[in-house]
Amino acid sequence: MIDYNALTDDAFRAGLRVFFEANYPRHLRFLPRRMRWHECRDWYLALSKKGWLAPHWPPEHGGMGLTPGKLIIYFEETERAGIGRMPDQGLTMVGPTIIRFGNDAQRRKFLPPIIAGEHVWCQGYSEPNAGSDLASLQTSAVLEGDEFVINGSKIWTSMAHDATHIYVLVRTDRQAKKQEGISFVLVDMKTPGITVRPIRNIAGHEEFCQVFFDNVRTPRANLVGELNAGWTIAKGLLGFERLNIGSPRRPLQALEQIEVLARARQLGDNPAFVERLTELKLDLADLGSLYARYVDKVRRGEALGPDVSMLKIWATETYQRLSELLIEAAGEYGAFEGEIPVGDASVDILSPFYTSRPGTIYGGSNEIQRNILAKYVLKLPG
Amino acid sequence: MTNFAHPSEHAALLAESVADFVRRGTTVARARTLREAGAECDRAQWRGLAQLGWLGVLVPERFGGMGLGITEAAIVAEGLARGLVPEPFTATAVLAVSILVGADNEAFMAEKLPQIVTGKLLPAVAWQERAGELDPGATDAVAVAFEGGFRLNGVKHFIAGAVDADAFLVSARHAGDLALFWVPRDSAGARLTQQRLADGRSSGTLGLTDVMVAREGMIASPAVARAALAQALDRAAVVVGAELVGVMGRALELSLDYMRTRVQFGKPIGSFQALQHRAVDLYLQQELATAVLAEAVHALDGGLDGAPRAALASRTKARASEAALRITREAIQLHGAIGFTDDCDVGLYTKRALVLSAWLGNATAHRRRYARIAAQPGGAHD
Ligand SMILES: Cc1cc2nc3c(=O)[nH]c(=O)nc-3n(C[C@H](O)[C@H](O)[C@H](O)COP(=O)(O)OP(=O)(O)OC[C@H]3O[C@@H](n4cnc5c(N)ncnc54)[C@H](O)[C@@H]3O)c2cc1C
């Protein structure tokens, strides 16, 4: 077993870089959408074989056990290499939840298949009537003997059509206060009574689904943590996720596209364009500074507070502004679909526009983030 | 409904009959179907528009048209855009017709205009060669006199309505100035390619290699061509502004309806002040766009000409483009995840806004043109 944390940062970074460059498929670099399982399975298994699939999991469960500092290097190198997002809910969400809140039997049963690429997970939180107000969720689970019987539906479930398993928040006590009657349950997608309906998104891709539960029976043993403790468990998981969404990498890609276009169309001669571009470049550079402050906090082992919401706001909105400048800078090409040739390169004008939309909606919409900042950081009266 | 025209019974009746046409045609669904097929003009619908007289709205009565003005053309365009009607009304019935009417080939008008009015003949205009270039005189295409006719060479881009066009009105340098020519689609040496746009319609590129045009095919001689094209482009920019007002109006309406009905945290989301203020800001943009449009249609119908006309057309197109893009983007955000689906009409309006704002010069290009005009002696004032 290698102790990655004992390596110097430079040596660790160099090792990752070489492996990523050599092994990550070229055609999947900087993909403007999420990867489907069939596309990235080989890459997933290659990482798994190398022992580099789960950087933040402890070594005893097959992870790299990285310290926060090393973990950030891992993320930086992943982004640098343009590695796309896999169906990674097992690695980022369920695995860590089971490690922290589950029991030994659950760890033995569910962790190894995640590392082996045998189980692919999706997240069943949102419902048609419970989005921002997640605690009002209605999908119910009723105990019958040693089984839960689940009824209801989850929606916007990313990659549910690729998943073998889903973790759901379900209502297990209708009498309790809304946050206190929710449990965290694991379900095999092959269980009778589950139907998956893919939903086409605005860019024409099927990335999310609605998942219906009709008398779906799942063993009581699949309850993670205590009964009715699901809300605390779900909220306890927001950490690196929130840091990740604040990374300057995505917007940087949009900026690079603008620069390719600007060279080809000689927009550098236009002072109004240069000024607008510089404004956004500084928005992005300053996002980098803000991000670095949070990265340092994590490196020092400090917990992230509610103020990290501002990182999400600034990152996602900067990304959107850049995607809008790309369209404006393209002139009449601003409505063309797909790659358009510019000079000796090509640029996809619209895809950053589409990919930057959901960032302000999911992971707690930016309106909700602003509410959080107003209430918990500025402590304004509610 | 239309509130940019001076209130009159006639304007109200016209607006109502457009709305009725849209209602009966279930056109949002139809726009989806055509989009899948890569088509944008259903000839039966086109004949329907013809029967109502709208294809001849700007055609003088002596050629079988209604002989009405930009106000009426804008009322029709706004109403059709609210219903996402994909047929190229503005490209043909405003841009192409305005050129023919403003030109000096009386015999040609007498032959072609009645056929356009009945929907039998569908011409598109091929004038632009470079993105962001709004000067009708900036053309590299050339027409050389040759054996009793002309020989045309050049490449034209960003042609709206090209998919179904039977013929193209092509601008080219001739005798030291500009002239306009009629090029049937199947002319030898004419090659049309199409690029898919965000809303499923297409932008055409017309390559001309030694295309022969008979003497009668010169629609506008150098004496009038530049002025006729400039006027037609200003009129079309204003009418596209009306389309954009229709698009933003419907997108805002859908969002306000959603804010009234979508419940989170036990209340309609429209009761949250953060969203109320957002909606008010969007409404304000819509009203600004409507106000400048009202001023423009009135002034153009009053005969406003030259630099003041160009300046007002640019103001209209710049504001309408900017406002429509902003309102439709925010409409996605206000709808949450549903707004990011292909099923939600809001996405269709966003895509139409992208297409219309890029066509005939986007907000940036028109602001630049406005600044240039304003800097001239006499400037933008009327
Ligand atoms: C691409 C994508 C992938 C997703 N993947 C998943 C997934 O895998 N699993 C999963 O469970 N969910 C997923 N989601 C769902 C996501 O978590 C929800 O979209 C999000 O919680 C918002 O809920 P909603 O869409 O119902 O919007 P709503 O909550 O209905 O919000 C509508 C609008 O109202 C605003 N609003 C709501 N409440 C307030 C308030 N109090 N004050 C001010 N404004 C407010 C919102 O900000 C938004 O603009 C995904 C969403 C997207 C877009």
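The values are calculated or read from the model by the stated rules, or taken from the named source; none is laboratory data. What you are looking at is a predicted structure, and each value in this text was computed from that prediction instead of being measured. Using ideal geometry, Cβ is built from the backbone for each residue, glycine included, and neighbour counts are taken over all protein chains shown. Heavy atoms of the whole protein, side chains included, go into the accessibility calculation; ligands, DNA and RNA do not. Shrake-Rupley method; radii C 1.70, N 1.55, O 1.52, S 1.80 Å.
Within the full protein context, the accessible area of B:THR364 is estimated at about 40 Å² for a probe radius of 1.4 Å. Can you tell me the relative contact order of chain A? Whole percent, Cα pairs under 8 Å, sequence separation 6 or more. RCO, chain A: 12 percent. In the context of the full protein assembly, B:SER17 retains an accessible surface of approximately 40 Å², using a probe radius of 1.4 Å and ignoring ligands and nucleic acids. Counting only alpha carbon atoms, the long axis of helix A:9-23 and the longest principal axis of chain A meet at about 90°. Summarising the label geometry, the points placed 7 Å from Cα in the beta-carbon direction at B:SER8 and A:THR164 lie 7.3 nm from one another.
Loop-located GluC sites (Glu not before Pro) across the stretch B:117-215 with a Cβ neighbour count of 14 or fewer within 10 Å are B:GLU147, with loop assigned by DSSP.
In a simple Cβ point-charge model (Lys, Arg +1; Asp, Glu -1; nothing else charged), the stretch A:246-377 has a dipole of about 720 debye relative to its Cα centre. Computed per residue of chain A from DSSP H runs no shorter than four, each worth -39500 (n - 2.57), the mean residue ellipticity at 222 nm is -12500 deg cm²/dmol. Using the Karplus relation 6.51 cos²θ - 1.76 cosθ + 1.60 with θ = phi - 60°, the per-residue 3J(HN,Hα) values for the stretch A:327-339 come to 5, 5, 6, 7, x, 4, 6, x, 10, 6, 7, x, 6 Hz, with x marking Gly and Pro. Of the GluC sites (Glu not before Pro) found in the stretch A:239-343, those in coil by DSSP whose Cβ has at most 11 other Cβ atoms within 10 Å are A:GLU302.
Using the Cβ-Cβ distance between A:ASP344 and B:GLN376 with R0 = 45 Å, the FRET efficiency computed as 1/(1 + (r/R0)^6) comes to roughly 0.75. Evaluating 6.51 cos²θ - 1.76 cosθ + 1.60 at θ = phi - 60° for every residue in the stretch A:365-374, the Karplus couplings come out as 4, 5, 5, 5, 4, 5, 4, 5, 4, 4 Hz, glycine and proline recorded as x. Ignoring the sites themselves, what is the longest stretch of chain A with no trypsin sites (Lys or Arg not before Pro) in a DSSP loop and at most 13 other beta-carbon atoms within 10 Å? Within chain A, the longest run free of exposed trypsin sites (Lys or Arg not before Pro) spans A:30-173. This model, with +1 at the C-beta of Lys and Arg and -1 at the C-beta of Asp and Glu, gives the stretch B:124-221 a dipole about its Cα centre of some 160 debye. The simple Förster model, with R0 at 25 Å and r as the Cβ-Cβ distance, assigns A:ARG80 and A:ARG263 a FRET efficiency of 0.65.
I'd like the orientation of helix A:271-299 relative to chain A: the angle between its Cα long axis and the longest Cα principal axis, in ° from 0 to 90, rounded to 10. For helix A:271-299, the angle is close to 40 degrees. Our summary gives the stretch A:121-230 a relative contact order of 30 percent, counting only alpha carbon pairs under 8 angstrom and 6 or more residues apart. Taking the longest Cα principal axis of chain A as reference, the axis of helix A:249-264 is set at about 30 degrees. Kirkwood analysis of the stretch B:22-69, using all unique Cα-Cα pairs, places the hydrodynamic radius at 12.1 Å. Of A:ILE115, B:ILE70, the residue with the largest accessible area leads and the full order is A:ILE115, B:ILE70 (1.4 Å probe).
Taking amide H as placed 1.01 Å from N in the peptide plane, the amide H of A:CYS122 sits under 5 Å from that of A:HIS165, A:ILE166, A:TYR167, each at least 5 places away or on another chain. Put the Cα centre of the stretch A:218-274 next to the Cα centre of the stretch B:158-212 and the gap is 43 Å. FRET efficiency for the A:ASP42 to A:ARG200 pair, using the beta carbon distance and R₀ = 41 Å, is estimated at 0.95. For chain A, a crude dipole built from +1 on the beta carbon of Lys and Arg and -1 on the beta carbon of Asp and Glu, taken about the Cα centre, is about 760 debye to the nearest 20. Placing unit charges on each Cβ (+1 for Lys and Arg, -1 for Asp and Glu) gives chain A a dipole about its Cα centre, and among A:ILE202, A:ALA345, A:GLY301 the Cα reaching farthest toward its positive end belongs to A:GLY301. Here's the picture: a label point sits 7 Å out from the Cα of B:ARG32 along the beta-carbon direction, and within the stretch B:328-345 the residues with their amide nitrogen under 16 Å of it are B:338-345. D by Stokes-Einstein for the protein assembly as shown, Kirkwood Rh over Cα pairs, 37 °C, 0.692 mPa s: 115 µm²/s.
Pairs exceeding a 28 Å alpha-carbon distance, out of A:LYS109/A:LYS178; A:LYS297/A:LYS379; A:LYS312/A:LYS375; A:LYS154/A:LYS379; B:LYS120/B:LYS156: A:LYS109/A:LYS178; A:LYS154/A:LYS379. Taking every alpha-carbon pair under 8 Å whose residues sit at least 6 apart, chain B reaches a relative contact order of 17 percent. Mind checking which of B:ALA353, B:GLY270, B:ALA138 is farthest towards the positive end of the protein assembly as shown's charge dipole, using Cβ charges of +1 (Lys, Arg) and -1 (Asp, Glu) about the Cα centre? Sorting the options by dipole projection puts first B:GLY270. The calculated P(r) of the stretch A:246-377, using every Cα pair and 10 Å bins from 0, goes 12, 38, 30, 15, 5, 0 in percent. Dipole orientation for the protein assembly as shown: of the candidates A:GLY181, B:LEU256, B:VAL101, A:GLY181 has the Cα lying most toward the positive pole (charges on Cβ; Lys, Arg +1; Asp, Glu -1). Element breakdown for the stretch A:1-108 at a 1.4 angstrom probe: carbon and sulfur atoms account for 53% of the accessible area. Partner aspartates and glutamates whose Cα lies under 15 Å from the Cα of A:LYS235, excluding those fewer than 8 positions away in the same chain, are identified as A:ASP133, A:GLU180, A:GLU226. A full extension of the chain between A:ASP214 and A:GLU144 corresponds to an added length of 23.7 nm, given 0.36 nm per residue minus the alpha carbon distance. Zone of A:THR191 (label point 7 Å along Cα→Cβ, backbone N under 16 Å): which residues in the stretch A:128-160? Under 16 Å, as judged by backbone N against the label point of A:THR191, lie A:138-155 of the stretch A:128-160.
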